[in-house]
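Inspection log for the structure reproduced underneath, given as structure tokens.
The values are calculated or read from the model by the stated rules, or taken from the named source; none is laboratory data. Values in this document were obtained by computation on a predicted structure and should not be read as measured data. Here the Cβ positions follow ideal geometry from the backbone for every residue, glycine too, while neighbour counts run over all protein chains shown.
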Amino acid sequence: MPLDDLTEMLSGGDRLRVAEDGEMHPNFEIWLSSNNLEREALSTAITAEVGEHDIAISSIELQIAYKLRLAKGVETMEGKDFEDALHLYLTFEEQFKVERLESYVEQLGVEDYYAELRRI
């Protein structure tokens with residue numbers, strides 16, 4: 001797809017999913033930030049090493065809260081998104097800032113899902 005078309009789609013608010021030709025996984029999604037939380041995700045990004053490459057990702061705290069929001073959106077604590085949040089929570093529990101996580105949890109309105117996550 002020509003770069004001008006991609007720019008036009010992104011400017012129009014579309015999100016683009018990118019994967020290797022003919023594959024669905026692994027993939028990533030790109031879009032232009034449209035709110036304060038998305039801008040904060042960009043400004044507080046951390047670096048992840050993927051093979052020989054470094055890539056900027058949102059903070060672990062925001063990823064956990066966002067996954068909880070996705071779980072709430074489908075109204076289940078038994079799906080992949082809740083499991084992803086739990087995995088991140090348990091894996092990085094000693095590294096993330098609880099106050100920051102709880103702030104994101106409040107902003108995204110997922111306090112009940114966070115409470116369940118903490119019970120596990």
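Tell me the residue from GLU49, GLU83, GLU75 that is more than 13 Å from the chain's Cα centre (by Cα) and in a loop (DSSP other than H, G, I, E, B), please. None of the other options fit; the residue is GLU75.
Results for (1) over 21 Å from ILE30 (Cβ atoms); (2) assigned by TED's automatic domain parsing to the domain that holds ASN27; (3) in contact (Cβ under 8 Å) with a residue 40 or more places away in the chain; (4) of a type outside the set (D, E, K, R), shown as yes or no for each residue.
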| position | (1), (2), (3), (4) |
| --- | --- |
| HIS53 | no, yes, no, yes |
| ASP81 | no, no, no, no |
| ASP84 | no, no, no, no |
| GLN95 | yes, no, no, yes |
| LEU101 | yes, no, yes, yes |
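Taking residues in region 26-50 that are under 22 Å from SER103 (Cα atoms) and in contact (Cβ under 8 Å) with a residue 24 or more places away in the chain, and partners anywhere that are loosely packed, with under 12 Cβ neighbours inside 10 Å and aromatic (Phe, Trp, Tyr), not one pair has Cβ atoms closer than 6 Å while being at least 6 places apart or on different chains. If only one of LYS72, LYS67 is within 20 Å of SER33 (Cα to Cα), among the charged types (D, E, K, R) and surrounded by 12 or more Cβ atoms within 10 Å (Cβ to Cβ), which one is it? None of the others qualify; the one that does is LYS67. Among residues of region 6-16 being more than 22 Å from LEU108 (Cα to Cα) and surrounded by 10 or more Cβ atoms within 10 Å (Cβ to Cβ), the one that is farthest from the chain's Cα centre (by Cα) is GLU8. Pairs are defined by a Cβ separation below 7 Å, a sequence spacing of at least 6 or placement on different chains, a first member in region 56-78 that is under 15 Å from SER43 (Cβ atoms), and a second member that is among the basic types (Lys, Arg); the pairs so defined are GLU61/LYS97; GLU61/ARG100.
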